[in-house]
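The values are calculated or read from the model by the stated rules, or taken from the named source; none is laboratory data. Since the model is a prediction, treat every value here as computed from it, not as a measurement. Here the Cβ positions follow ideal geometry from the backbone for every residue, glycine too, while neighbour counts run over all protein chains shown.
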Amino acid sequence: MTTPTADILLDVKELRGPHFGPISLALQVRECVVITGSSGSGKSLFLRALADLDPNVGEVWLQNESRLDCEPDRWRRQVALLAAESHWWSESVGEHFPVLGEQQLPALGFDIDVLSWSVSRLSSGERQRLALLRLLANRPQVLLLDEPTANLDSHNTLRVETLIKHYLEGTKACCLWVTHDLLQAERIAERLISMEDGRMVPD
């Protein structure tokens, strides 16, 4: 195994799963890399493998720490996946926030009273925005975002894009962002990569 250089935050070497790979990719601090590609090209499977949720082989480093040397729960807090469909396991919104991100609620159009809401009253867009805030409450170093604005109107889409930009700048994190929206990709991407048949093609 080789240790990544100091300016690399996430270093992926020859990662592969049953339906994608091998993929090698390095992300720097504050970098947002956008992945595009048709449905079924392996984008979501790649993100799940990075979060160590599905069987895979290859090296993944977070700064100077190998994934192999990190407890799985700690790894998933630091290399955090926001899935296209969020999961909710308790009745109220506030029960899903171990650390309350009250200061971020207004950034996505919520008041503090949203924490007392029942999950059942949330629209799909509200669930998507709150799932992002829930993820950020753990202060991850790597954001793996799978279509995070798919259910949002243009106004709330821009809110999410702005929040992620500020988060990367403020925490020195990095981001892999999957989207089918090429206009969005132009707004947020520092690098754009297409994925075809489980492999990445630089754009």
| query | Is it the case that some residue within segment 127-136 is more than 25 Å from SER44 (Cβ to Cβ), out of contact with any Cys (no Cβ under 9 Å at 6 or more places or on another chain) and not basic (Lys, Arg)? | reply | no
| Given the residues THR149, THR171, THR179, which is the only one that is within 22 Å of LEU105 (Cβ to Cβ) and crowded, with 16+ Cβ neighbours inside 10 Å? | THR149
| Residue in segment 57-111 that is farthest from the chain's Cα centre (by Cα), counting only those that are over 24 Å from GLU147 (Cβ atoms) and β-branched (Val, Ile, Thr) | VAL57
| request: Return the only residue of VAL201, VAL142, VAL178 being more than 16 Å from the chain's Cα centre (by Cα) and closer than 18 Å to LEU47 by Cβ. | output: VAL201
| request: Check off (1) touching a residue at least 40 places away in the same chain (Cβ under 8 Å); (2) within 19 Å of the chain's Cα centre (by Cα) for LEU53 and give me the number that stays unchecked. | output: (1)
| said: Under 8 Å between Cβ atoms, which residue pairs at least 6 apart in sequence (or on different chains) link something in segment 62-90 that is under 18 Å from PHE46 (Cα atoms) and modelled with pLDDT of 95 or more with a partner that is surrounded by 11 or more Cβ atoms within 10 Å (Cβ to Cβ) and aromatic (Phe, Trp, Tyr)? | reply: LEU62/TRP75; ARG67/TRP61; ARG67/TRP75
| said: Cβ contacts < 7 Å: first residue in contact (Cβ under 8 Å) with a residue 60 or more places away in the chain, restricted to segment 174-196; second residue of a type in the set (Lys, Arg), any location; separation 6+ or different chain. Result? | reply: CYS174/ARG30; VAL178/LYS43; MET195/LYS43
| message | Take SER124 and tell me if it is among the polar types (S, T, N, Q) and touching a helix residue (DSSP H, G or I) at 6+ places or on another chain (Cβ under 8 Å). | response | no
| Residue in segment 68-75 that is touching a strand residue (DSSP E or B) at 6+ places or on another chain (Cβ under 7 Å) and of a type outside the set (Asp, Glu) present | no
| request: Look at ARG48 and say whether it is at pLDDT 95 or above and closer than 24 Å to LEU163 by Cα. | output: yes
| request: Select from segment 112-136 the residues that are over 19 Å from the mean Cα position of the chain (by Cα) and not aliphatic (A, V, I, L, M) and write down the one among them that is nearest to ARG159 (Cα to Cα). | output: SER123
